[in-house]
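Novice: Here it is, the structure in full.
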Amino acid sequence: MTALPRAAGSARTGQARSAPERLLSVLAAFDHAHPALCLTEISRRAGLSLTTAHRLVGALTAWGALERDASGLYHVGLRLWELAALAPRGPALRQIALPYLEDLYEATHENVQLAVRDGDEVVYTEWLSGRSAVGVHIRVGARWPLHATGVGLALLAHGEPRFQEAYCAGPLAAFTPYTVTDGARLRRVLAEVRRTGVAVSARQVTEDALSVAAAVRGSGGAVSAAVSVVVPYADARVAELVPAVRLAARGISRALGWRPEETARPEPGGPSAQR
């Protein structure tokens, strides 16, 4: 799987945008498909004049948000990584979850993933893969629509009812003939995820892969992340994977401070929440 393209610039001109918006547009010019850019490329992707881009890039480079290599290309700087390490849903979550992800990998020797929700997308914060595991093209920081992945379905199923309804009513991108693109069908899938406690996504992004995912809860019982294992579709033994994924999700949840009694109340999006 590869990250979806995201628009770097704004529909408005550089002159119409505020100073913070212009500054952020420079950083947004970089993505997984464009990790290194020259000044002209930054100007074009950010929708800024070359003069404005030069000024902002200079300021960001001096601060450490950007770095310039010997060839003149700019890269995201370590100062941003330093700040990102403070994000509770990023490296901090990864550090807590990693022992359980490693246990899940040792139990399956397949791709293991940890992800969080950001708006209507899932963002991958950790990924472990074996040499013989099914080929996926996930990397830390990659984004995908919620409905197309196991971790996304697990997160969407426990989202607020209004958000679920808006998502199901919106356009649902297709990546294979098996991707769920019908809102009514997606609602049924989400109900099944809440009923069973796991999400199974078969051939939705690539036709050779299947994922089994479960939600991770934080202190207070709210769903804060999801963990999954991705295996070859042809050899998938879902019944054997479900207990291992549930155990990993439960272990991470407990490490985050969750206690089972905190989820005795009805789930968001569940039957009682819809009444």
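Novice: If you take the charge dipole of segment 16-78 about its Cα centre, with +1 on Lys and Arg Cβ and -1 on Asp and Glu Cβ, which of ALA70, HIS32, ALA46 is farthest toward its positive end?
Specialist: Result: ALA46, furthest along the dipole toward the positive end.
Novice: Follow-up question, since we're still on this one. Hand me the trypsin sites (Lys or Arg not before Pro) from segment 100-202 located in a DSSP loop with no more than 10 other Cβ atoms within 10 Å, in residue order please.
Specialist: Passing both the DSSP loop test and the Cβ count: ARG131.
Novice: How long is the gain from SER219 to GLU106 if the chain were fully straight, where each residue apart is worth 0.36 nm and the alpha carbon distance is subtracted?
Specialist: Fully extending the segment from SER219 to GLU106 adds 38.0 nm.
Novice: Gain in length, ALA202 to TRP81, computed as 0.36 nm per residue apart minus the alpha-carbon separation, to one decimal in nm?
Specialist: Roughly 40.2 nm would be gained on extension.
Novice: Would you kindly state how much longer the chain becomes between ALA169 and HIS32 on full extension, computed as 0.36 nm times their sequence separation minus their alpha carbon distance, in nm to one decimal?
Specialist: That works out to 46.4 nm of additional length.
Novice: Of VAL140, GLY218, HIS109, which is farthest on the positive side of the dipole of segment 95-218, counting Cα position, with +1 on Lys and Arg Cβ, -1 on Asp and Glu Cβ, and the Cα centre as origin?
Specialist: So the residue we want is GLY218.
Novice: Please work out the Cα center distance from segment 146-170 to segment 176-221, rounded to the nearest Å.
Specialist: Between the Cα centres of segment 146-170 and segment 176-221 lies a distance of 9 Å.
Novice: Next up: Between LEU39 and ALA234, what is the label-to-label distance in nm when each label sits 7 Å out along the Cα-to-Cβ direction?
Specialist: 5.3
Novice: Another question, if that's okay. For ARG185 and ARG68, FRET efficiency with R0 = 51 Å and r from the beta-carbon atoms, rounded to 0.05?
Specialist: 0.55
Since every read-out is calculated from the coordinates, none of them should be taken as a lab result. All values reported here derive from a predicted model rather than from experimental measurement. Neighbour counts run over all protein chains shown; Cβ positions are idealised from the backbone, glycine included.
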